[in-house]
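Trainee: Dumping the structure here so I can ask a few things about it.
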Amino acid sequence: MSPWRSSPALRRLVAAAAIALIIATAATLGARYFWVLDLFSHFRWQYALGAGAMVPLAWLCGHRILAMACAAVLLLHIETLAVQRFGPAPGAAGGGRPLRIVSFNVLFSSTAYAPLIKFVERVSPDVVCLYETTPDWQEHLAPLTARYAFSLFTGNGRLTGLACLSRIVPLHVVPPVTEGNAAPWMQLELASGGARFALLGAHLSYPIEAKGSAARDRQIAELARRLHAVAEPVVVVGDFNLSPYSPRSTDFVTASGLRDCSRGQALAPTWPTSFAPLWLQIDRCFVSAGVGVVRYQVGPEIGSDHYPLVIDVRIPAGNTRVSGRQSNFAMEPRVNRTASRSRLPGL
């Protein structure tokens, strides 16, 4: 008898692992309908690796039906990963020199101020969008802030902290609406090379319980609705707490009319930095049609539980992307008077 079949404990362990993998995969199919199931939708590469290991193990242990089921699971996840990896990616078209953007969740409890400053100095971005910032972060980033023509810090900490540094002074700014976490994104209208465009930095709610998941889904829907109405080219970055494999991500791309910058890229997890088996790609970048993506790269670990994103984009000439659309910057929410360090008059 095969040694794989002679050990009842090993056979039970392999069978339990295979069944757990099949159940987790089945849960991904219901991700659109229940928030708990949506949590299972993010771990595609983990499922693929697990299924790849389970197929021979289950077969050797005599669990032929489970082995064939795991083979089907493997094919399902490989297909999902392949669509993301080899799907149509935003091209590098556009005009003018590339505009470099860094997007980073600093982790409100972190004190790794110096590594972030050194990283920004090294990659030299034109715009820096930060999330979970606090008054301490604002104070310790003062040497970096002084090098940018515009800076704005709003909110405080894990739920409402947002900041933006820009070498380009915005033509218009709409700070986040933090009351009820209704619109947790900062909107800037910028001009580069004679072309106007909208830049949004967002930090959506944590979906690890029903209330947070519902809040994130409402924010996704509202953000998509607003972006669909914007006439200018659009670049959106942020901690979305949402991977490309969730149906909510697909819904956002469809409703907003934007393109996912991670499409066509190799696996690029951004969280958590401390435990590779759970790596997920939840820090995201989206652009409107015509905006070229020259570079999409995940940066090194610099003291947070997230890795930074570095994106180089080219903004197309002209200031509209769809004829007849109106910019939503005229429909700004109430200005957050807690915003500070702005170098725009009136904020």
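The values are calculated or read from the model by the stated rules, or taken from the named source; none is laboratory data. Since this is a predicted model, take the numbers as computed values, not measurements. As a convention, Cβ positions derive from the backbone with ideal geometry for all residues, glycine included, and neighbour counts pool all protein chains shown.
Trainee: Kindly indicate the residue of region 221-257 that is surrounded by fewer than 23 Cβ atoms within 10 Å (Cβ to Cβ), under 26 Å from His77 (Cα atoms) and of a type in the set (A, V, I, L, M, F, W, C) and also nearest to the chain's Cα centre (by Cα) among those meeting that condition.
Mentor: Val253
Trainee: Do we have any residue at all in region 135-144 that's surrounded by 16 or more Cβ atoms within 10 Å (Cβ to Cβ), at pLDDT 95 or above, closer than 30 Å to Gly157 by Cβ and acidic (Asp, Glu)?
Mentor: No, because not a single residue in region 135-144 is surrounded by 16 or more Cβ atoms within 10 Å (Cβ to Cβ), at pLDDT 95 or above, closer than 30 Å to Gly157 by Cβ and acidic (Asp, Glu).
Trainee: Go through region 249-289 and count every residue that is under 24 Å from Gly161 (Cα atoms), among the charged types (D, E, K, R) and touching a residue at least 60 places away in the same chain (Cβ under 8 Å).
Mentor: The total comes to 1.
Trainee: Separate question: Taking region 178-193 only, how many residues are more than 25 Å from Gly96 (Cβ to Cβ) and either modelled with pLDDT of 95 or more or surrounded by fewer than 18 Cβ atoms within 10 Å (Cβ to Cβ) (or both)?
Mentor: 3
Trainee: Moving on. Checking Gly290 against (1) in contact with a Lys or Arg (Cβ under 7 Å, 6 or more places away or on another chain); (2) on the phi < 0 side of the Ramachandran plot, only one condition comes out false. Which one?
Mentor: Here Gly290 clears every test but (2).
Trainee: Could you tell me which residue of region 287-299 is farthest from Ser246 (Cα to Cα), considering only residues that are over 16 Å from the mean Cα position of the chain (by Cα) and surrounded by fewer than 18 Cβ atoms within 10 Å (Cβ to Cβ)?
Mentor: Out of the qualifying residues, it is Val294.
Trainee: Okay, moving on. What is the number of the single condition among (1) closer than 28 Å to Ala214 by Cβ; (2) surrounded by fewer than 15 Cβ atoms within 10 Å (Cβ to Cβ) that Leu49 does not meet?
Mentor: Status for Leu49: all satisfied but (1).
Trainee: Surrounded by fewer than 23 Cβ atoms within 10 Å (Cβ to Cβ), of a type in the set (D, E, K, R) and under 16 Å from Gln84 (Cα atoms): does that describe Arg284?
Mentor: So Arg284 fails the test.
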